[in-house]
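Undergrad: Please read through the structure below; I'll follow up with questions.
Every number in this text was worked out from the coordinates using simple rules, so none of it is lab data. Model, not experiment: these values are computed from the prediction. Please note: Cβ atoms are built from the backbone with ideal geometry, for glycine as well, and neighbour counts cover all protein chains shown.
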């Protein structure tokens, strides 16, 4: 799997990021046995007090599961330009 430069949220299709001000996104890759690793993800500052909490939480669940599917089976569900495709209901 190739690692590419990250995109900042303001350049990845989000319209309103006011709730993200002061939050940080962290990824940590923990090596396990040969050929395996564990990805730790934290969105620090994302709390239930934020208006976007449910949408963000559901979005992270969707995209992290998609990343896992891609890493394991080379089939994920990436972000598309059609925002309706990215809404978790």
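Undergrad: Given a Förster radius of 25 Å and the C-beta distance between residue 60 and residue 34 as r, what FRET efficiency does 1/(1 + (r/R0)^6) yield to the nearest 0.05?
TA: Numbers: r = 29 Å, r/R0 = 1.15.
With a Förster radius of 25 Å, E is 0.30.
Undergrad: Something else about it: Taking 0.36 nm per residue of separation and subtracting the Cα-Cα distance, what length does fully extending residue 48 through residue 73 add? All intermediate terms of the calculation are to be shown ahead of the outcome.
TA: Values: separation 25, 0.36 × 25 = 9.00 nm, distance 3.29 nm.
Stretched out fully, the residue 48 to residue 73 stretch lengthens by 5.7 nm.
Undergrad: Here's another thing I want to ask about it. Using Cβ contacts closer than 10 Å as the measure, can you line up 68, 38 from fewest to most? Mind dumping the intermediate values first?
TA: Working: 68 12, 38 9.
By the 10 Å Cβ count, ascending, the order reads 38, 68.
Undergrad: Looking at the square roots a ≥ b ≥ c of the eigenvalues of the Cα gyration tensor of the stretch 23-84, which shape do they give, rounded for a/c under 1.5, prolate if a/b is larger than b/c, or oblate?
TA: Values: a/c = 3.22, a/b = 1.33, b/c = 2.42.
It is oblate, given that a/c is not under 1.5 and a/b is not larger than b/c.
Undergrad: Which of the peptides 54-62, 42-50 is most tightly packed, and how do the rest follow, judged by the mean count of other Cβ atoms within 10 Å per residue? Spell out each step's value before the answer.
TA: Numbers: 54-62: 14.2, 42-50: 12.1.
The most tightly packed comes first, giving 54-62, 42-50.
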